[in-house]
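Since the structure comes first, as structure tokens, the remarks are kept for the end.
The values are calculated or read from the model by the stated rules, or taken from the named source; none is laboratory data. Everything quoted here is computed from the prediction, not taken from an experiment. We place every Cβ from the backbone using ideal geometry, glycine too, and count neighbours over all the protein chains shown. When the accessible area is computed, the model is the full protein with side chains, heavy atoms only, and any ligands, DNA or RNA have been set aside. Shrake-Rupley method; radii C 1.70, N 1.55, O 1.52, S 1.80 Å.
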Amino acid sequence: MEGLIELAKEIKDKELRKKVVEFIKNPELSHKEFKKYPRMKIEEARTLFSAGSGSPVEREILNHTIALVELCKNAADVVSERYGIPINKDHLIAAALLHDLMHLFEYKKTAAGIEHTGVLLDHSMLAVAELYHREFPEQVIHIIASHFGETGPTPPRSFEALIMHYLDALLSLTEYLSLIHISEPTRLGMI
């Protein structure tokens, strides 16, 4: 968690930074109906995911989140410097830090492995609801809501949302391939 807090300190907007740090430290669901779902600790949090039609693998939420924030910061700098497009790095960093945090309620660790908790909403919908409740900026909520991309319920409608969606997808594919131990694109028929 300390790594997430350190990255949140890079948010220049003091009010937004405070909200992000508070949410990271206390990722509770405010609505009483959702209090019944267990919450994993961020340091232990895992989720099941797959790329395409492959078998699901376990992902570490903490490592994925830190890697995504680092990629987003670098991409924002390149897009701003090379193309003159103003990128709100505060919004992008905040969204990258929080985009998968509600996986803490979506999955649980059992003796059999990682299992779904039974929560009826996915992590992005839980995050959107909670972020609205906590009065986060609409732009941050949009970036998180649209991180699934064009095929999700909310397509990206800002450069920040596009950056995060595509980097999250790239990172997910990279993680998946590394977890199934494929290290060469030729083995996938990609080249």
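Observations
- Residue within the range 65-74 that is charged (D, E, K, R) and not in a loop (DSSP other than H, G, I, E, B) present: yes
- Which numbered condition VAL21 fails, given (1) assigned to a loop (DSSP other than H, G, I, E, B); (2) over 29 Å from SER178 (Cβ atoms): (1)
- Flag for LEU48 being part of a strand (DSSP E or B), in contact (Cβ under 8 Å) with a residue 40 or more places away in the chain and either loosely packed, with under 12 Cβ neighbours inside 10 Å or not aromatic (Phe, Trp, Tyr) (or both): yes
- Odd one out for LYS73, checked against (1) touching a Leu at 6+ places or on another chain (Cβ under 8 Å); (2) more than 24 Å from LYS25 (Cα to Cα); (3) open to solvent by 20 Å² or more (accessible area, probe 1.4 Å): (2)
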